[in-house]
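Novice: Quick one: the structure is below, questions incoming.
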Amino acid sequence: MKLKAIISIILSIIFSISLVLAYEATPENNAKSIDFVWTLIAAFLVFIMQAGFAMVETGFTRAKNAGNIMMKNLIDFCFGAVAFWAIGYAIMFGAGNLFFGTEGFFLSSANNGSDLWQYAYWMFQVVFAATAATIVSGAVAERIKFSGYIFYSIFISALVYPVVGHWIWGGGWLAKLSTPMIDFAGSTVVHSVGGWAALAGTIILGPRIGKYMNNNSVKPIRGHSLTLAALGVFLLWFGWYGFNPGSTVAGTNWSIATIAVTTTLGASAGAIGSLLTSWIRYKKPDVSLTLGGTLGGLVAITAGTANVSPLSSIIIGLIAGILYVFSVSFFDRIKIDDPVGAVSCHAINGVWGTLAVGLFAQKEFGGINGLFFGGGISQLVSQFIGVISVFIWTFVIMLIFFKIIDLIIGLRVSREEELKGLDLSEHNTEAYADFPISATNN
Amino acid sequence: MKYIIAIVRPEKLPDVKKALWNEKVYRMTVTDVRGAGEQKGYPIEFRGLIEEVNLLRKVKIEIAVNDSFVDSTIKAIIKGARTGNIGDGKIFVLPLEDCIRIRTEKSGIEAIGGESLELKKIIKK
């Protein structure tokens, strides 16, 4: 016994193992443990959304680019995580001014040995940052240069997303308005940022070859697997149970139950909204539009998920689904080629969901009344200020950034490379080597 | 009547199609195929290993044309498919014995159709 004790002491000296404070099972500590476990599980759930995005994006695009989409969804997380650890987290949550944080780079705010909460919190935040980053991947798919995309993912995770996060979640100016803006789980912080960045990217890149004909007609470019796209939507929906209820970052906060309900109903109503709209507008219930509308409903309910009633969440989701269908055809018509509908899903419904908080918020759920429940217009005004300012910041800086990348290394692959497919031209591989890939879908 | 078979690079298909359309050749059958020419493919590096790729992805375009369309069709395919590098493909021109349109059972140049000189003569008669 003595020998064992001596060995363990020696080992702990050699490896400088900081023995975490002995756990005392007080009610306070137990409650804190519940928060730890809940926040980390939620973070892991949000992580699976990366797989969801990868599947949605590859399903809605052609087989010749499938390997490239996998690479982008993997690599934007990896570069993004390192960038968020080094810089982004400090800008977002570090003490600083009203616009960005200036302390805590390299996760130095975390406290080794005693309270490890900052680690759990970072873990929850990094998967959010990665979600914002990976939204863009679908919109710029099938034509962006891989190297340019890597620079983009570092830039958005280190700077663009954290600045918006600081404004709304990190004690910045939007959180300090006389009526603070409400964006519970990030319709604006995460989804609009990703969506507006996606819009900037598609504008600088231009449409894919073959999308627009000389006679001004728009040609649909069909994706290679609705099955994978549907799997992606289910994975995203599943991950959203970490995204929304997890945003309490407290398992001891019982509102996780109502948040889970509004999330579910928002998504369901989004699907129903896009289903019915496509059915009426295009004579058939469109599969891909219904899948997209489901995500639109999820995006829209994200801001108000803790502040609205289940009935309101259905209305918000329904409108989101309808908006999605009209938005997709609108962007097609103005020659903004967004292969997976990322702008319609994340930017447009991010805006709608954020504004909806100002309309549908109810005291019984989140402590604040919106316009429809006698709370006056002040909350709606704050939401509006937030939406506009985040649009201007994200869209303008991303437009400039993509243009600079375009001028320095070129943002888009050559015409031949694009037609050949990015798998072969960028990665010298094929996603489906055993299968014939149709050249006739070009 | 000729039967034209062209083997071209898959990524050049849109260009070939466009060039053919400009010559008013709209009828074609397109297949994804694999094949090799004199070079027997080329080596590529995959995960650090050198692999001799023998059969390369190509696209086969088959077009039945009336005689007055033969030259313009061949020229259009060359215009669309040529990069000047090895692997641009080949065009084969075969005599065509007959052509029957299934719906009407009409045969010959009428069945191939198009605004060809031969067809105009027939219509005049």
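The values are calculated or read from the model by the stated rules, or taken from the named source; none is laboratory data. Bear in mind the structure is a predicted one, so any value in this text is a computation, not a measurement. So basically every Cβ, Gly included, is an ideal-geometry build from the backbone, and we count neighbours across all protein chains shown.
Novice: Could you please find all residues in the stretch B:55-75 being within 14 Å of chain A (Cβ to nearest Cβ), in a loop (DSSP other than H, G, I, E, B) and surrounded by 13 or more Cβ atoms within 10 Å (Cβ to Cβ)?
Specialist: Within the stretch B:55-75, none qualify.
Novice: Select, from A:Phe372, A:Phe395, A:Phe384, the only residue that is more than 14 Å from chain B (Cβ to nearest Cβ), in contact with a helix residue (DSSP H, G or I) (Cβ under 8 Å, 6 or more places away or on another chain), part of a helix (DSSP H, G or I) and over 28 Å from A:Ala198 (Cα atoms).
Specialist: A:Phe372
Novice: Inside the stretch A:218-248, can you point out the residues that are more than 16 Å from A:Ala63 (Cα to Cα) and within 14 Å of another protein chain (Cβ to nearest Cβ)?
Specialist: A:Lys219
Novice: Now a separate question. Quick test for you: out of A:Ala81, A:Ala54, A:Ala22, pick the one residue that is hydrophobic (A, V, I, L, M, F, W, C) and modelled with pLDDT under 95.
Specialist: Checking each option against the conditions leaves just A:Ala22.
Novice: Would you say B:Ile50 is more than 10 Å from every other protein chain (Cβ to nearest Cβ), out of contact with any helix residue (DSSP H, G or I) (no Cβ under 7 Å at 6 or more places or on another chain) and hydrophobic (A, V, I, L, M, F, W, C)?
Specialist: Against the criterion (more than 10 Å from every other protein chain (Cβ to nearest Cβ), out of contact with any helix residue (DSSP H, G or I) (no Cβ under 7 Å at 6 or more places or on another chain) and hydrophobic (A, V, I, L, M, F, W, C)), B:Ile50 qualifies.
Novice: So is A:Gly421 under 28 Å from A:His191 (Cα atoms), modelled with pLDDT under 95 and either within 14 Å of chain B (Cβ to nearest Cβ) or under 28 Å from the mean Cα position of the chain (by Cα) (or both) or not?
Specialist: Considered against the rule, which asks whether it is under 28 Å from A:His191 (Cα atoms), modelled with pLDDT under 95 and either within 14 Å of chain B (Cβ to nearest Cβ) or under 28 Å from the mean Cα position of the chain (by Cα) (or both), A:Gly421 comes out as no.
Novice: Does the stretch A:407-424 hold any residues that are more than 19 Å from A:Phe151 (Cβ to Cβ) and assigned to a helix (DSSP H, G or I), and which are they?
Specialist: Passing the criteria: A:Arg415, A:Glu416, A:Glu418, A:Leu419, A:Lys420, A:Asp423, A:Leu424.
Novice: Now for a separate question. Out of all the residues in the stretch A:290-315, which are among the hydrophobic types (A, V, I, L, M, F, W, C), crowded, with 24+ Cβ neighbours inside 10 Å and over 20 Å from A:Gly239 (Cα atoms)?
Specialist: Matches in the stretch A:290-315: A:Val308 only.
Novice: Find all pairs meeting these conditions: Cβ atoms under 6 angstrom apart; at least six residues apart or on different chains; first residue within the stretch A:199-227 and within 18 Å of A:Ala342 (Cβ to Cβ) and in contact (Cβ under 8 Å) with a residue 60 or more places away in the chain; second residue among the charged types (D, E, K, R) and in a helix (DSSP H, G or I).
Specialist: That search, which allows pairs on different chains as well, returns A:Ile204/A:Lys403; A:Ile204/A:Asp406; A:Val218/A:Asp332.
Novice: Here's a check for you: in the stretch A:329-365, which residue that is under 14 Å from A:Val299 (Cβ atoms) and β-branched (Val, Ile, Thr) is farthest from the chain's Cα centre (by Cα)?
Specialist: The extreme case among them is A:Val357.
Novice: Within the stretch A:350-362, is even one residue touching a His at 6+ places or on another chain (Cβ under 6 Å), buried (at least 16 other Cβ atoms within 10 Å of the Cβ) and either assigned to a helix (DSSP H, G or I) or within 14 Å of chain B (Cβ to nearest Cβ) (or both)?
Specialist: Yes.
Novice: Check B:Ile86 against each of (1) surrounded by fewer than 17 Cβ atoms within 10 Å (Cβ to Cβ); (2) under 19 Å from B:Asn22 (Cβ atoms); (3) of a type in the set (A, V, I, L, M) and name the one condition it does not meet.
Specialist: Among (1) surrounded by fewer than 17 Cβ atoms within 10 Å (Cβ to Cβ); (2) under 19 Å from B:Asn22 (Cβ atoms); (3) of a type in the set (A, V, I, L, M), the lone unmet condition for B:Ile86 is (2).
Novice: Of all residues in the stretch B:3-49, how many are crowded, with 18+ Cβ neighbours inside 10 Å and of a type outside the set (A, V, I, L, M)?
Specialist: 6
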